[in-house]
1. Is there a quick way to get the dipole size of chain A? I mean about its Cα centre, with the Cβ of Lys and Arg at +1 and of Asp and Glu at -1; what is the value in debye to the nearest 20?
2. If each of A:ASP97 and A:TYR386 carries a label point 7 Å out from its Cα toward its Cβ, how far apart are those two points in nm?
3. Just subtract the alpha-carbon distance of A:ALA522 and A:ASP504 from 0.36 nm times their residue separation and send over the number in nm, one decimal.
4. Find the Rg to Rh ratio for segment A:129-208, where Rh is the Kirkwood radius over alpha-carbon pairs and Rg uses the same atoms.
5. When the helices in chain A are scored as -39500 (n - 2.57) per DSSP H run of 4 or longer and the sum is shared across all residues, what 222 nm value do you end up with, to the nearest 500 deg cm²/dmol?
6. Only bridges whose two residues both fall in chain A count here: according to DSSP, what percent of them are antiparallel, nearest 5?
7. Of A:SER169, A:LEU191, A:PRO158, whose Cα points farthest to the positive end of the dipole of segment A:129-208 (charges on the beta-carbon: +1 Lys, Arg; -1 Asp, Glu; origin at the Cα centre)?
8. 7 Å from Cα along Cα→Cβ at both A:ARG282 and A:ASN86: what's the point-to-point distance in nm?
Amino acid sequence: MARRIVLSSDRDEPSGSTEDLTIEYAEALNEQQYAAATAGKGPLLIVAGAGTGKTRTLIYRLAYLVETGTRPQQIVLLTFTRRAANDMTARASNLLDGRCEKVRGGTFHAFCLEVLRQHAEALGFPRNFTVLDAADAADVLSVIRTRGEYGDGEERFPQKNTLYSMFSSATNRDETLGETITKRYPQFTSLHAELKALRDAYRRYKKEHGLMDFDDLLERTLELLETDDDVRHQVASRCRHVLVDEYQDTNALQAELVKKFSSVHGNVTVVGDDAQSIYKFRGADFRNIFRFPDEFDDTEVVKLEHNYRSTQPILDLANRVIEQAERSYDKTLFTEKTEGELPALVPAADGDMEARFVAEMVLRLREDGVPLSDVAVLFRSSHNAYDLEVELNQRNIPFVKYGGMKLNEAAHIKDVLAHLKVVENPQDAASWNRALQLIHGIGPKTAQSLIEWTTEAAEDPLTLGDGAPFSDRYAARLKQLFSTLRHVRSDDTSVTEQVEAILDYYQPLFENKYADDHPKRAPDLEHLAGLAANHESRQRFLSSLTLDPIELTALDQETGEDDEPPLVLSTIHSAKGLEFHTVFLIRALDGTIPSRHALREPGGVDEELRLFYVAVTRAEEGLFISYPMTQYRRGQGEYMTTPSRFVEDLPDDVLEPVQLVEEDAVDENAPDAPEGGDTLPSSRNGEAPAPPESTRDDGPPDDPADADGLPF
DNA sequence: GATATCCCTATTTTT
DNA sequence: TAGGGATATC
C-alpha cells in the first residue's frame with residue numbers, strides 16, 4: 001500500500017465569504033428555497049414536492065457554493081440523466097458568468113465510470129475495459145450458458161434476459177442471489193445452485209475479458225472505495241460538495257456510494273420527494289430519503305411545499321390521487337394559481353380514436369399558441385404510443401419519443417459498435433463474437449475458435465497468425481475485417497473516419513443480414529457517423545453511447561434549425577423532472593397503469609400510484625387523461641377494457657368526464673358492440689373529438705356543436 | 001458446422 | 001410481435 005503524504009489544503013478552503021455575492025438570492029427564491037440554497041456545510045436534505053422549484057433551488061445552491069469560494073471542479077452533481085446534469089450546469093452558468101460549467105456531474109453510472117477508468121487496475125481490470133449495456137450483458141450470459149451446459153436439466157432454464165434481470169436485481173437491492181430467487185423468481189428455486197455457478201462464471205468471464213455491465217460500474221466502484229483507503233481518500237478529497245438530485249430513486253448501492261464520495265468533506269445535499277419514487281424495480285426505496293438523517297449526523301432538513309407549476313385544479317387531482325396510497329404521504333402542496341380548467345377524463349371508443357383525439361387536441365392547442373414542444377403525451381409503457389405514432393406520422397406532426405428504442409439498441413448499430421469495441425479492447429470476446437458472426441460462413445463455433453486464436457496465439461490480436469483455423473469460404477472477408485480494424489486502430493484516424501471505415505466494410509454484410517429492410521435502417525448508420533464527430537476519442541464515444549443513449553425517434557425527426565420543436569411523447573419514467581403546458585396521459589387502463597405485473601408484487605400498486613402522480617404533476621395548465629373502452633388482442637379480438645382504478649372513484653368536480661363524439665357519426669351513444677365499425681377510420685378528415693376547453697365549465701360538456709371546420 | 005424455417009411464448013419502467 | 005428454441009437442410 002502506498003505511503004500517504006497529506007498536503008495541506010488550506011489553499012483550497014472555501015472562503016465562505018458572503019460579502020461579494022453577485023446574485024440576489026433572497027429575492028430570487030422563496031424563504032425555504034433560500035434556506036436550502038444558502039445552507040452551510042454538512043449534510044442537507046431537501047424534501048421537495050412536485051413542482052416546488054427543486055431544480056431552481058439546486059441551481060442556486062450550485063451558484064452559491066461557487067460564489068462563496070468552492071471551486072466548481074470540486075462540486076459533484078449526481079443526477080438521473082445526463083440531460084438533467086447538463087441542463088442544470090448550463091442554467092447555473094447563466095447565473096454566474098460560466099463558472100459553473102466546470103462542475104463535475106452526470107449519472108451515478110457515468111461518474112463511477114470516470115473513477116474506474118482511473119483506478120481499474122487496482123481491481124484487476126484493464127483501464128480500457130468495455131461497458132456492456134443490458135443487451136450486451138444478456139448476450140454474454142447466453143454464450144456462457146450455452147458453453148457451460150447449464151440448462152441441461154428437465155426444467156426450463158431462464159432466458160438470457162431473465163438471467164440478467166435476476167442478477168441485476170440482486171445487486172441493486174443488495175440481496176444475495178438466494179434471496180432474490182426466493183422473493184422474485186420462485187419458479188427457479190430448484191436451479192439455485194446452477195444459477196449461482198452461472199453468475200460466478202459470468203463474473204469470471206467479465207474479469208478475464210475486461211467487461212463491466214451497468215451494475216459493475218456501481219458495485220466495483222464501491223468495492224474499490226471500500227477496499228482501498230488511499231483511493232477512497234483520493235476520490236473523496238475531490239468531492240468537496242456532493243449534490244444528488246432525485247434522491248428518492250437511489251438504491252442501497254447508490255446511497256452507500258454517496259456516503260463514500262462525501263466521506264472526506266462531509267458536505268452532501270440531497271433533493272427528493274418520496275411521493276415520486278418510481279424506480280423500485282431498480283432497487284430504489286422511497287424510504288431511503290427518510291433514512292438519510294440517520295445515515296448522516298446533524299442533517300439539516302428543508303421542506304419545499306409551494307408549488308409554482310400547476311393550477312389548483314390539477315393539484316387537487318394530484319392530491320386526491322396520492323391520497324389513495326396505502327401509506328400516507330405527507331403532502332400539502334399549495335399554489336397561488338387558483339384558476340384553471342378541470343382535468344378531463346376522456347374515454348375513447350378504441351385506441352385509434354384515442355390517438356385521433358390527442359392529435360386533434362394538440363393541433364388546436366398549437367392554434368391557440370401553445371407550442372408543440374410544450375405539450376407532452378405520457379404513457380406507462382412504450383408500446384402504448386404505437387397508435388398515436390401512426391396518427392402523428394399521418395398528420396405530419398413532428399414528435400420525439402422518449403423511452404422507446406434507443407439508437408444503440410438497434411441491431412445494426414450494435415454491429416458497427418462491436419467493431420469499434422474490438423479495437424478499443426481486443427479482449428472483448430462479446431464484441432468479437434458479434435463482429436465475426438456477421439461474416440457468412442462463421443457461426444458460434446468458428447467464432448469461438450477464432451477468438452481463441454486472435455487473443456491467445458497472436459501477439460497482436462488484430463493480426464491473423466499463420467495456421468489460424470479458417471477456411472476459404474470466409475478467408476477473404478476475414479482478412480478484410482482485420483485490415484479494417486488495423487486501420488481503425490491507427491493513431492491518426494478521427495473517430496468519424498473510424499466509423500466510416502467500418503461502415504465501408506460493413507455495408508455488404510449489412511445488406512445481407514437485413515435483406516428485407518436495410519434501406520430503412522441505413523439512415524441510422526449515417527447518423528452514427530455524424531455523432532462520432534462530436535467525440536474526441538473512440539472510448540468516449542463508446543461510453544457516451546451506452547451511458548447516455550440517444551432516442552431513435554429523435555433522429556427520424558431530423559430537427560433542422562428552423563423546424564418546429566416537436567411534440568413530446570414519453571414514458572412516465574422518462575418524463576421525470578419535466579413540465580409541460582398541457583399533458584395527455586393516455587391508456588389509463590387497469591392492467592396498464594397499474595400494470596398487471598405490479599399487482600402481484602407487495603407494494604406494487606402504490607408504486608404505480610406514485611407513477612400516476614408523477615404523470616399528473618407534470619402538467620401546468622391542461623391535463624387530459626384518456627383511455628380506450630375497447631382494445632384488440634391477438635387471440636380474442638376486441639374486448640371491453642376497465643379504466644384505471646386510480647381514476648374510478650374520483651368525483652366529477654375533480655376529474656371531469658368528457659364525451660368524445662364523431663362529428664359526422666350518426667347519433668349513436670355508446671358503441672357497446674365489440675364490432676362497432678362506426679368509429680373506425682372511415683373518414684380521416686371529418687371527426688371532431690372533444691369539445692374545445694371553453695365549453696367545459698358549465699354543465700354536461702358533450703356538445704360538439706362548436707367543432708369548427710378542421711384545417712386538414 | 002452454418003443457416004433456413006417454423007412454432008411457441010411471454011409481454012413494464014432505465015442506467 | 002419478435003425473439004428464441006427446436007428441427008430440417010445445405
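1. Dipole size: approximately 3660 debye.
2. My value for the distance between the label points is 5.7 nm.
3. Stretched out fully, the A:ALA522 to A:ASP504 stretch lengthens by 5.2 nm.
4. Using only Cα positions, Rg/Rh for segment A:129-208 is 0.94.
5. Details: 26 runs with 300 residues, N = 712.
Computed ellipticity for chain A at 222 nm equals -13000 deg cm²/dmol.
6. Working: 7 of 56 bridges.
About 10 percent, rounded to the nearest 5.
7. The one lying farthest along the dipole's positive direction is A:SER169.
8. 1.8
Read-outs throughout are calculated quantities, based only on the coordinates presented, and are distinct from any laboratory measurement. Quick caveat, the model's predicted, so the values are computed rather than measured. As a convention, Cβ positions derive from the backbone with ideal geometry for all residues, glycine included, and neighbour counts pool all protein chains shown.
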